[in-house]
1. Evaluate the following for Glu267: is it open to solvent by 40 Å² or more (accessible area, probe 1.4 Å), closer than 30 Å to Phe343 by Cβ and either modelled with pLDDT of 80 or more or in a helix (DSSP H, G or I) (or both)?
2. In this structure, is Thr468 hydroxyl-bearing (Ser, Thr, Tyr), farther than 30 Å from Leu352 by Cα and touching a Pro at 6+ places or on another chain (Cβ under 9 Å)?
3. Limited to region 347-365, what total is found for residues that are more than 15 Å from Val399 (Cα to Cα) and either modelled with pLDDT of 90 or more or under 13 Å from the mean Cα position of the chain (by Cα) (or both)?
4. For region 444-456, check the following and say yes or no: at least one residue is more than 30 Å from Ile520 (Cα to Cα) and touching a strand residue (DSSP E or B) at 6+ places or on another chain (Cβ under 9 Å).
5. Please find, within region 515-527, the residue that is modelled with the lowest pLDDT out of those that are farther than 19 Å from Leu557 by Cα and either outside any strand (DSSP E or B) or open to solvent by less than 40 Å² (accessible area, probe 1.4 Å) (or both).
6. Count, please, the residues in region 502-513 that happen to be assigned to a strand (DSSP E or B) and either among the acidic types (Asp, Glu) or open to solvent by 40 Å² or more (accessible area, probe 1.4 Å) (or both).
7. Would you confirm whether any residue within region 565-578 is touching a strand residue (DSSP E or B) at 6+ places or on another chain (Cβ under 6 Å), open to solvent by 30 Å² or more (accessible area, probe 1.4 Å), under 30 Å from Ala438 (Cβ atoms) and not in a strand (DSSP E or B)?
Amino acid sequence: MVSITGGGGVTEGDEASVTVTATPAPPPGATISVNVRISDSDDFASSGQTGSRSITIDASGTASFTVITEDDTTQEEDGRITATVRRGSGYTPHGTTASASVTVADDEVVRLSHSRLRVAAGGNASYQVALDDRPTADVTVTIRVGGVNGEGGAAPSPNLFPLGTSPLGDANTMEGETSIRVHPATLIFTPANWDREQPVTLTVEEEGDLIGTAITLTHTATGGGHVEVSTTMTLNVVAAHASEETKAWHLRLGRTLAHQVVDALEERWSAPPVAGLQLTVAGEPIPSTTALAEHEGLLTKALGFETVTPQELVEGSSFSLAPGPEGAAPRLAFWGQGAFSSFSGEQETLSLDGEVTTLLLGTDWHTERWQAGAVLSQSWGSGSYDGENGADGEITSTVTGLFPYGRYALTPRLGLWAITGYGWGELSLKPDGPGDDATPNTTLGMAAVGLDGVLRDGGSEGITLTTTADVLTLKTTSAEVDGLDSSEGSLSRRRMGLEAVRPFPLSNGASLLPSMALGIRHDSGDAEAGYGLDLGAGLLWQAPKQGISGELKGHTLLTHTEESLQEQGLALSFSWEPNSSNRGPSLSMGHTMGATPSGGMDALLEPATMEGLDTAPSSSGRRFEAELAYGFPAHDDQLTFTPAVGLAFSSTSRTCSLLWSLAPYSPQAQAGAWEFSLEGEWQEQISPSSPVDHSLKLHFSLLL
């Protein structure tokens, strides 16, 4: 387990200290290499100081390093240097102390209300100026317009434009196709009013070549013990809002919504509706039976014994209503469910993130081969963006969508499907600092087509091939409003998966079931793009007469756009239960190493987006679990008393449990009318400073 701590706060220009600690420490003569990522909340870190570092920890258990900060002339809010332990080989980041920050204080003489400012071409913006300390005499602050940096502008220059005149009075003017005027250009502070803020107004007279550029405003203080001490501020000239933020964020929101719709419909196609009402709340199905045991999970959550987050409530709730007599295949069905997804991404100098909550309400009609319908969606999105030169803020959005769909069964187990859709709504862009909000109307259009199901049914002694192949395209637009240009973006996703299974019957009713799955995915367009190739394999052995089964599963990432991204996993399991009743011995064991998907071919085609290409290699964590139990007859052979012992070992903890249960005798090892159990557990974290946890749990279930 590796944790990280930060040293005391520093002033810009000093070095921030960070310490990494491994618990337990490596044995004498051994070392571990820990991957640490350093980030900067502002521009305090010197060039080359942020990003990934490899820190070596020896037998002492700790290692320290420093991050050099830059003593610049930019007035800015106090910031922080943050160091985070990333996943790697041979260690696990601590669950709560894997990240630490060091505060960095600004040291400028002139205090500005904003370190960065956005002003729309044809508009104006204001900020406040004061001093940071009381001077010994009057101080004159002169404001000058510096060089231009950005697309369409000249390279930065240390030369300041001379003072000029304008209709505003004595002002600093930068002339070109666009004129930037500063009023007033000179401020005077005395020992009496040094901390009283004085306003400065910036005016951009007309649109021109400076849109999309970053301009430096230099505030030079002279007098009062100061000789040419400067503080700078960055001015971004935009079309009120840069449409690139709108396009990038809206495109990812649309992609997330499209994936939610496709995933929901694929679930319906794989499980045809059943006559009657099917209802699930927070992941707990609500059956029509009055069996208390079947409602145990729902009652636990409803009574507050288990916390339910809003995300779990949305994702885990659904309904399906299919009128018709029981036992007959319904023609008409009404359904609904919730979905929650998050996204993040980077595009050149722009980074963004968001969350999307969607409610889906649909209806469809079924025949022997056809399934057609439509789903109405309502989505709420919220997130933020962080661009270059202070172009950051928050975005919220609401989208209403209508998605017609259809599926044709080429065979009873293979189908061709298509989805199209159109969405409309509004997006609200709220920049940090001065600047008006923008609320453009938005639209999205999507289309997807795919093939899924069994290509070849090999039966009990042949090769069965299952496939998934689909193509999805998406286009988003936002309207032009005051100060915001219109935007348009598009993307596409292509996926193909193939899974092969070949059973081999053995003697005495045993069987061997090897399987192999391949997943390929490619994303292109105006958002994250890339491809990945995954391979999975498994081997299942079952001997029902002896009550024995064993399984071996493996997974590896063969290739990826990001060459440094690696992921492998292996899982082994074994179970032995020779008696069909709840009497006699039973044993189960499992051992996992790395990341092994449990969803077969579908898991290889995830994640939902190709974002996170800089993700560190997955952890090579290991976990072993075992449970041994024996059921004894009790109370004149009417009851079964079962003691059990369980062990679990991982790279972070060790657990031992003892279980005693009492239940009615069941000849088919099924749940009885009632069950009483007592479980004691001992858990120890692999850390000298972590206490040992003990627990005692009492369970009782009753089937009415």
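The values are calculated or read from the model by the stated rules, or taken from the named source; none is laboratory data. Note that the coordinates shown come from a computational prediction; the quantities given were computed from them, not determined experimentally. Note that we place each Cβ from the backbone using ideal geometry, even for glycine, and neighbour counts take in every protein chain shown. These area figures cover heavy atoms from the full protein model, side chains too; ligands, DNA and RNA do not enter into them. Shrake-Rupley method; radii C 1.70, N 1.55, O 1.52, S 1.80 Å.
1. On the way: open to solvent by 40 Å² or more (accessible area, probe 1.4 Å): yes; closer than 30 Å to Phe343 by Cβ: yes; either modelled with pLDDT of 80 or more or in a helix (DSSP H, G or I) (or both): yes.
Here the answer is yes, as Glu267 does meet what is asked.
2. So Thr468 does not fit the description; no.
3. 6
4. Within region 444-456 (the criterion being more than 30 Å from Ile520 (Cα to Cα) and touching a strand residue (DSSP E or B) at 6+ places or on another chain (Cβ under 9 Å)), the answer is no, since none of the residues qualifies.
5. Ala527
6. Residues in region 502-513 being assigned to a strand (DSSP E or B) and either among the acidic types (Asp, Glu) or open to solvent by 40 Å² or more (accessible area, probe 1.4 Å) (or both): 4 in total.
7. no
Each row is one residue, and each column tells you yes or no for (1) open to solvent by 30 Å² or more (accessible area, probe 1.4 Å); (2) in contact with a helix residue (DSSP H, G or I) (Cβ under 8 Å, 6 or more places away or on another chain); (3) in a strand (DSSP E or B); (4) touching a residue at least 24 places away in the same chain (Cβ under 8 Å).
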| residue | (1), (2), (3), (4) |
| --- | --- |
| Leu416 | yes, no, yes, yes |
| Thr420 | yes, no, yes, yes |
| Gly423 | no, yes, yes, yes |
| Ser428 | no, no, yes, yes |
| Val449 | yes, no, yes, yes |
| Val454 | no, no, yes, yes |
| Gly458 | no, no, no, yes |
| Leu472 | no, yes, yes, yes |
